[in-house]
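A.B. asks: Before we start, here is the structure in question, set down as structure tokens.
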Amino acid sequence: MSSWTLFHYLTPFWDPPIADPIFGREQVYPPVWRKIAPWAARAAKPALLALLGLYILALVVVRQPANALCAFGATYLILPLFALVPSLLLWTLPLGLALGPIIVREREGGTWDTLRTIPLDAGLIVLSKTRGALWPLRDLMGFVRNLLAIVAMGVGAFGLIVMAQALFGASNALPLGVMCGVGVALAAAGAIVFLVDWAQQFVLMGVAALAVSAAAPSQRVALPGAIVAAFVAWGANAGLAFLMLLAVPGHLLNQPVSLLPPLVVLGPPVMYILALPPAQMLALLLATLALREFAIRQIWRWALRAATRD
């Protein structure tokens, strides 16, 4: 199953399938984090405002050369957006708590085999339960979605600034309107790539948590195991991207460790933009997306085999 189909079920932004009895059944179980999620959603906006205030204060207190402020003024405006993005690392806990119990709980109650008698594919049963388990998180996820849309515009603009010399250094003969149009198109493409990358990483972590739920012998094992699995999926994805970057000849790194913060917070695309010329950046980005898609499909197949074992 493709990552886009899985993303559709892992993000409850659409109308709830009221006629789906499996989705409705999942609503009966109170989530472990029910008391935490509303508080986190209420605390998110004040925390972000406080962070923005601290950033503005830092710009006022820390002296910057006038030429640096002029040359990188747009970057200084974009950096606060980077600070606002919630790292996928923070989603290991809610994904593990929400998805860890959904299959093993039915097994412990002796109802999983009964559910499988429903004339639906086993994958659809698992995905319906997944959407039901994540439905109470829809408000928080909706807030993150809107925030990511803003951050994506900042990432696209930042990528255009970083690559401007390489892209337009030899294009002075082009009309200004054409260069502006190309710049806007490239910034939009960068924003889309950032969102696609984030969504695919989210799916990888969610599928890893589902695989643990399908294979775990008990809820006591499934809850921490799903959290760890989501974390391992995130860490393996970030580590592989970093190693792939180091393996590419011609990278612009003097201190590779300096790229770990943007990798942790914003993901591989921003790291590639900072460290590689446009051609190598595009090749490595496509390779990353393809490898992650392969991993998602393999883990999903393994999860289904574990869920349907007798």
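The values are calculated or read from the model by the stated rules, or taken from the named source; none is laboratory data. Computed from a predicted model, the values in this text were never measured in an experiment. Here the Cβ positions follow ideal geometry from the backbone for every residue, glycine too, while neighbour counts run over all protein chains shown.
A.B. asks: Suppose we keep only residues that are at pLDDT below 85 and assigned to a helix (DSSP H, G or I) within the range 114-137. Which one would you say is surrounded by the fewest Cβ atoms within 10 Å (Cβ to Cβ)?
C.D. replies: Applying the filter and picking the extreme gives 136.
A.B. asks: While we're looking at this one, here's another question. Of the residues 212, 193, 232, 221, only one is hydrophobic (A, V, I, L, M, F, W, C), over 24 Å from the mean Cα position of the chain (by Cα) and at pLDDT 90 or above; which?
C.D. replies: Result: 221 is the single residue among 212, 193, 232, 221 that is hydrophobic (A, V, I, L, M, F, W, C), over 24 Å from the mean Cα position of the chain (by Cα) and at pLDDT 90 or above.
A.B. asks: Pairs needed: first member in the range 116-130, on the phi < 0 side of the Ramachandran plot; second member anywhere, surrounded by fewer than 18 Cβ atoms within 10 Å (Cβ to Cβ) and not in a helix (DSSP H, G or I); C-beta distance under 6 Å; at least 6 residues apart or different chains.
C.D. replies: Qualifying pairs under 6 Å: 122/308; 128/20.
A.B. asks: Anything in the range 270-302 that is under 11 Å from residue 244 (Cβ atoms) and either in a loop (DSSP other than H, G, I, E, B) or acidic (Asp, Glu) (or both)? List them, or say none.
C.D. replies: Across the range 270-302, the qualifying residue is only 276.
A.B. asks: If a residue has to be under 24 Å from residue 272 (Cβ atoms), surrounded by fewer than 17 Cβ atoms within 10 Å (Cβ to Cβ) and touching a helix residue (DSSP H, G or I) at 6+ places or on another chain (Cβ under 8 Å) to count, how many in the range 184-237 make the cut?
C.D. replies: Qualifying residue count for the region: 4.
A.B. asks: Hey, residue 64 hits all of (1) under 27 Å from residue 202 (Cα atoms); (2) modelled with pLDDT under 80; (3) in a loop (DSSP other than H, G, I, E, B) but one; which does it fall short on?
C.D. replies: (1)
A.B. asks: Then there is this: For the structure I just gave you, tell me whether residue 267 is under 20 Å from residue 91 (Cα atoms), surrounded by fewer than 14 Cβ atoms within 10 Å (Cβ to Cβ) and either touching a residue at least 24 places away in the same chain (Cβ under 8 Å) or out of contact with any helix residue (DSSP H, G or I) (no Cβ under 8 Å at 6 or more places or on another chain) (or both).
C.D. replies: no
A.B. asks: A follow-up question, please. I'm told residue 22 meets every condition in (1) assigned to a loop (DSSP other than H, G, I, E, B); (2) modelled with pLDDT of 75 or more; (3) of a type outside the set (Lys, Arg) except one. Can you identify the failing condition by its number?
C.D. replies: Failed condition: (1).
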